[in-house]
Every structure is written in C-alpha cells, then in structure tokens.
Amino acid sequence: MTYLKIQERQYQQSKTPNWKRISLPETLFPVVENTIFSAVQVTQTGRSPLLNLKDVLAGKQDKQLALTLQQIEQYLNIDNNHMESFGAKFCGYNNSQFNHGILLHAKEGQTESIKLDYQLTCDNALLIDHHLIVAEASADVKVVLDYRSSDQAQHQHYGSIKVIAAPNARVNITVLQRLNEASFSFQQVFTSIAEAADVVVNDAQVGANIKVMSCVQQVDGFRANAATHSLYYGQQNSATDLAYTTKHGGKKSTSSIFSKGALQENSKKVFRGNLAFKRGATQAVGREEEFVLLLSKKLKSDSMPGLFCQEDDVIGEHAASVGQIDENKLFYMMSRGFDESEAKRLMIHSGYAEVIQKMNIGALGEIISSELDERINR
C-alpha cells in the first residue's frame, strides 16, 4: 500500500481528538476537493529542483529524483511515534489530503534559499501544506513560509514541515503565521538531525483566532544542534497552544528553546517546552526558557516546562516566567510624552526584540514587528 493510501486510511479510521487544553472548532477537517492551492508565490535562490510532493509520491517525477521513493517515504514517516504531535487524525489528514507541498533535496555542499508566500482568500480558504526538506552533507538551506489572509473571512490552515539534516548540514526554517482574527491554524514541524548538523526553527505565531503549533526536533547526531525560537501574540478572545520538544539522542548534542509572548484580554494560552535526554546522550546540553507578558487580568496562561532524563551525564535547564506591565515604567514613559497606548506598545516590543534578534532573519524581523504593531494598536 502506498504512503498516501496508508495516511488516508489512518485519517479515515482515527477519531477526531477531544483536547482538554483548548476547544477545537466544529469545522475541523473539511472535505478537500481535488484541487491545488493556487494562491502561493514561490521565490527560490539555488539550483535544486522544487518538486511537487504529491506528484513525486504518485511516481510522476521520477526522472528528476535523486532519492528513491522508499527513501522519501521513510523520511516522511519521521512524524510517527511522537506523542507530542497532534495525533493520528491530524497527521493522517495533513499527510494525505494536502493541496500544496514541495520536496526540496539539497545535494552535498549546495546552498538553497526558498520563500513560500501563501495568501488565503475566499477562493482559497483552505490550505493544507506538506513539505519535505532534505539537506545532504554540508548543505545550507533556508526556508521561509509566510501565511497571510487578504480578507476577514474564516480560513483554515493545516501545515506539516519535515526536515532531514545530514552530517554538517545547516537548515533554517522560519514560519510566520499572520492570518486574520477569524481564522485558525494548526502547524507541525518535525526534524531529524545527524552528526554536527545544525537546525534552527523560528516560529512567529502572530495571527489567527486559534493557533496551534507543535515542533519536535530529534537530535541524534554527535555534536548536533537544534534551536527553536518562538514568538506569539494572543489577541482578545483567542486561543494559543504551543508545544516545543527537543529529544537528545546524540552524545554532546546541544539544544535551546527560547520563547516570548504577550496576551490580551480574555485570551488563553498553553505552552509546553520539553527537553528529553535518551540513554546514550552523554554530555548533552539542553536549555528551555519562556516568558509571557500579561496585558490584562482576565486571561488564562499555563506554562508547563518538562525535563525527561534517561541519562545521568547531561545538563538540562528550564524556566518559565510571567509578568505584567510595570506601572512605574509606564508612568515614567508617559511623563516623557508618550500616551498610554503608545507606551504599552513600546514595552511589548521591547519584550519581543530579544527573540527577533535571536531569529536573525533580517528584513523579515521588521515585517514581524510591523505586523505586531498593527495588531497591538487595534
């Protein structure tokens, strides 16, 4: 049975989850017409062909493939057996029903840069994207995925990104989700990191009424590194659910999870930052830190850092902190001529500045700042 058939059967036979942490919308998993999501602009710098993933799995692009179909299906299955994923129903739906997806195979030593700009509209209101990024030894790959909406209709986004990083490869994935406040987004990222490879995942969850993100980084290589940088903004009455997990299997592997966010009135957020050290991951080092700024007393924020060890000779650090607008700082800024809303906006931005700097994404960081400005001022 083919990969697509297996995933479709998993989707059809699995029950719709009933999450306790947030209420899932009743309109989940809409029926997908046999069409391709067309409102996407692709910008590429590099020589590797960008292949249509669904065509590849159907055997339609064999001549351009440097990978076997068996290898591709093996790579796509890296989302198996991760309890931190959204579950069988979500994974099966995303993996079989996707209406846009690319396969990028960067060969040894190649440099690739890709940007996918998605524009959700009334005519393209459902996006299910599924991507496979394979970076061979010493390749350098940068991928940006920008999700936007051009109207105030409710849009649905389901995304899955899978990254295979061979020895000494460098991969940088940046997700910018800025859908309108009526929409919802479910995004998953899975990585597999070999010896001395380095994978960075930058996640900016700025828009959508319901935003859910799960990132699982598997650091199995000797001296491999995984970094996760997270930024989120919960507007009024929104729900945010974030889970960032790093699993260490390689000796002397390193990782970091760094997250900052702000929540408006009547919003709620659940954050889980997990560090897991498997047996054999001696001298591995993992750090996780989250800070959230509460802009109202009428909201709910749960932070659950987790540390799981099967190995003694490791370093694992985790921290979570919550703060509110400092009234003394606010008074000081207002005494210098700022009105209250502008002073609060600047204080919120100062909290985001550190994580944007860590993302190291150039002009895209300015776009994120502008997007935050627009939403904070509403």
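Any read-out appearing in this document is the output of simple, stated calculations on the displayed coordinates, not a laboratory observation. Treat the numbers as computed from the prediction; the structure is a model and nothing was measured. Every residue, glycine among them, receives a Cβ derived from its backbone with ideal geometry; neighbour counts consider all protein chains shown.
Among all the lysines, which ones have a C-alpha under 20 Å from Lys247's C-alpha, if same-chain residues fewer than 8 places away are not counted?
Within the straight-line cut-off, Lys247 pairs with Lys162, Lys278.
Which percentage, to the nearest 5, of the DSSP beta bridges contained in the range 3-326 is antiparallel? Intermediate results must be reported in sequence, preceding the final value.
Details: 9 of 139 bridges.
For the range 3-326, the DSSP antiparallel bridge percentage is about 5.
Run the quick spin-label model on Gln44 and Ile325: label points 7 Å from Cα toward the beta carbon, then report their separation in nm to one decimal.
So the two model labels end up 4.7 nm from each other.
Could you give me the ³J(HN,Hα) list for the range 290-301, computed from phi with Karplus coefficients 6.51, -1.76, 1.60 and θ = phi - 60°, whole Hz, x at Gly and Pro?
Karplus values, whole Hz, x for Gly and Pro: 9, 9, 10, 9, 8, 9, 7, 8, 9, 7, 10, 9.
Starting at the first residue of the range 230-247, write each ³J(HN,Hα) from the Karplus equation 6.51 cos²θ - 1.76 cosθ + 1.60 with θ = phi - 60°, in whole Hz, x for Gly and Pro.
10, 9, 9, 9, x, 6, 4, 6, 9, 10, 10, 10, 10, 9, 10, 10, 10, 10
Tell me the Rg and the Dmax, in Å, that the Cα atoms of the range 168-264 produce.
Considering the range 168-264 through its Cα atoms, Rg and Dmax are 14.6, 45 Å.
So how strong a dipole does the chain carry about its Cα centre when Lys and Arg Cβ are +1 and Asp and Glu Cβ are -1, to the nearest 20 debye?
520 debye
For the chain, set up a Gaussian network in which alpha carbons nearer than 10 Å are linked by springs, and say which option among Arg279, Arg178, Arg148 fluctuates the most.
So, out of Arg279, Arg178, Arg148, the one fluctuating most is Arg279.
Find which of Met333, Ala319, Gly362 sits farthest along the positive direction of the dipole of the range 306-363, computed with +1 on the beta-carbon of Lys and Arg, -1 on that of Asp and Glu, about the Cα centre.
Met333
Picking from Asn95, Ala166, Ser267, whose Cα lies most toward the positive end of the charge dipole for the chain (charges on Cβ: Lys, Arg +1; Asp, Glu -1)?
Asn95
When the dipole is taken about the Cα centre of the range 137-194, and only Lys, Arg (+1) and Asp, Glu (-1) are charged at their Cβ, what size is it in debye, to the nearest 20?
It works out to roughly 180 debye.
Given a 10 angstrom Cα cut-off, can you work out which residue in Ile257, Ile164, Ile367 is the most mobile in a GNM of the chain?
Comparing Ile257, Ile164, Ile367 in a Gaussian network model of the chain, the most mobile one is Ile367.
Which one is right for this structure if Cα extents along the principal axes in Å is calculated from it: (i) 68, 54, 41; (ii) 115, 41, 35; (iii) 81, 67, 38?
Identified label for the calculated read-out: (i).
Specify the residue with the greatest mean-square fluctuation among Val171, Val32, Val189, computed from a Gaussian network of the chain linking alpha-carbon atoms under 10 Å apart.
Between Val171, Val32, Val189, it is Val32 that shows the largest mean-square fluctuation.
What are the aspartates and glutamates whose alpha-carbon lies under 17 Å from the alpha-carbon of Lys5, with same-chain residues fewer than 8 places away excluded?
Glu33, Asp55, Glu73, Asp79
Report the calculated FRET efficiency for Ser113 and Ala353 (r = Cβ-Cβ distance, R0 = 35 Å), to the nearest 0.05. Present the calculation step by step, with values, prior to reporting the outcome.
Numbers: r = 25 Å, r/R0 = 0.71.
Once the sixth-power term is evaluated, E becomes 0.90.
Compute the relative contact order of the range 78-216 as a whole-number percentage, counting only Cα pairs closer than 8 Å that sit 6 or more residues apart in sequence.
Values: 371 pairs, mean separation 32.1, N = 139.
The normalised contact order for the range 78-216 reaches 23 percent.
Exposure proxy check: Cys122, Cys215, Cys309 ranked by fewest other beta carbons within 10 Å?
Final ranking by Cβ density, sparse to dense: Cys122, Cys309, Cys215.
What number, in percent, do you get for the relative contact order of the chain if the mean sequence gap of Cα pairs under 8 Å and at least 6 apart is divided by its residue count?
10 percent
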